[in-house]
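Below: one structure, written as structure tokens.
The values are calculated or read from the model by the stated rules, or taken from the named source; none is laboratory data. Fair warning: this is a prediction, and the values are worked out from it, not measured in the lab. Note that each Cβ is placed from the backbone with ideal geometry, even for glycine, and that neighbours are counted across all protein chains shown.
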């Protein structure tokens with residue numbers, strides 16, 4: 001938004017007077033309601049999470065409910081969209097401001113409004129998560145971004161030697177998007193949809209872990225992804241091996257996936273990040289970090305000799321990488337399909 005003012009250049013202080021003036025701007029005041037109280041907004045939902053198997057019917061529509069504290073007038077609210085779903089989500093009857101923002105309209109007299117999102121399950125890849133987050137953003141204020149001085153010389157037609165210098169200022173105002181205080185604290189809401197593989201039993205193994213420090217191998221179940229190609233997983237290995245150090249709500253779902261050649265069982269790959277379900281005192285989860293390129297690749301390897309698989313990785317915790325002290329090893333002695 002640009003605001004143009006033309007004034008006579010009487011003193012250099014004029015530029016400061018302009019910079020501090022805001023009454024000529026048609027501000028949209030999101031911070032006040034008809035009663036003079038601060039308008040507040042919130043989402044009714046926090047996180048919405050859905051998990052399915054390939055044979056399940058996936059939810060067709062997700063609802064986000066936005067509320068406000070004052071319903072006196074019609075109002076348009078900007079919502080910032082972070083869509084990582086690669087096309088799985090589509091808004092219903094919401095006006096896009098740009099690819100990252102939508103306008104949600106509150107009719108006069110309505111304290112809440114629903115934002116409906118259609119779900120296209122065909123766009124969700126099995127084994128991956130479709131994720132989207134909505135966050136309240138408000139035009140809370142404007143700031144001057146730049147002031148450009150323009151000098152025009154106006155000459156007297158009767159006497160060209162006489163002239164007046166008229167100075168104008170081309171002022172650009174920047175719109176600042178800020179969250180408005182929410183009574184519930186839910187300034188953002190998200191939805192995640194995961195279509196998991198169908199996991200079937202593939203026997204078990206005996207595992208030793210430098211991380212756990214067990215000299216006696218511990219038996220861990222192995223499962224195979226029915227829809228995958230050579231995709232297997234160790235089922236909750238760290239929860240089984242050292243439950244006292246694990247988060248009981250999270251660790252049972254932390255599996256160690258690995259890919260092998262379906263013809264001969266040769267080790268191929270593991271995910272880049274492998275969360276363990278254990279946390280440090282700051283709340284950061286311990287994870288294995290595995291790469292095959294760059295300067296860190298020499299720290300990482302996934303190999304096998306027959307039914308014995310060996311994994312070497314780095315450890316990732318709270319944004320930092322650490323060298324590990326030794327490998328994770330499992331001997332697939334029960335149900336190994338390549339003997």
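Within region 328-339, is even one residue within 30 Å of the chain's Cα centre (by Cα) and surrounded by fewer than 20 Cβ atoms within 10 Å (Cβ to Cβ)? Please lay out each step first, then the result.
Filtering region 328-339 for residues within 30 Å of the chain's Cα centre (by Cα) gives none.
No - not one qualifying residue is present in region 328-339.
Quick check: is even one residue across region 107-115 surrounded by 11 or more Cβ atoms within 10 Å (Cβ to Cβ) and not in a strand (DSSP E or B)?
Yes; the residues of region 107-115 include at least one that is surrounded by 11 or more Cβ atoms within 10 Å (Cβ to Cβ) and not in a strand (DSSP E or B).
For region 66-105, give me every one of the strands (runs of 3 or more DSSP E) that falls completely inside it and has 3 or more residues that are modelled with pLDDT under 90.
Fully inside region 66-105 and qualifying: 75-83, 95-98.
Among the listed residues 269, 282, identify the single one that is in contact with a strand residue (DSSP E or B) (Cβ under 6 Å, 6 or more places away or on another chain) and surrounded by fewer than 17 Cβ atoms within 10 Å (Cβ to Cβ).
Matching residue, one of 269, 282: 269.
Within region 273-300, which residues are within 30 Å of the chain's Cα centre (by Cα) and more than 18 Å from residue 238 (Cβ to Cβ)? Quick ask: steps written out before the conclusion?
Start the filter on region 273-300 by keeping residues that are within 30 Å of the chain's Cα centre (by Cα), which leaves 273-297, 299-300.
Hits for region 273-300 are 282, 291, 292, 293, 294, 295, 296, 297, 299, 300.
What residue, of 304, 244, is under 20 Å from residue 210 (Cα atoms) and in a helix (DSSP H, G or I)?
None of the others qualify; the one that does is 244.
When you check residue 59 against the structure, is it out of contact with any helix residue (DSSP H, G or I) (no Cβ under 7 Å at 6 or more places or on another chain), at pLDDT 90 or above, surrounded by 12 or more Cβ atoms within 10 Å (Cβ to Cβ) and not in a strand (DSSP E or B), yes or no?
Judged against the criteria, residue 59 is a match.
Restricting attention to region 116-153, and to residues there that are surrounded by 13 or more Cβ atoms within 10 Å (Cβ to Cβ) and in contact with a helix residue (DSSP H, G or I) (Cβ under 9 Å, 6 or more places away or on another chain), which single residue is modelled with the highest pLDDT?
Out of the qualifying residues, it is 130.
Considering each residue of region 203-254, count those that are farther than 16 Å from residue 332 by Cα and in contact (Cβ under 8 Å) with a residue 24 or more places away in the chain, and give that number. First the steps, then the outcome.
Residues of region 203-254 that are farther than 16 Å from residue 332 by Cα, as a first pass: 210-215, 225-229, 238-254.
Keeping just the survivors that are in contact (Cβ under 8 Å) with a residue 24 or more places away in the chain gives 210-212, 214, 225-229, 238-239, 241-242, 245-247, 250-253.
Final tally of qualifying residues: 20.
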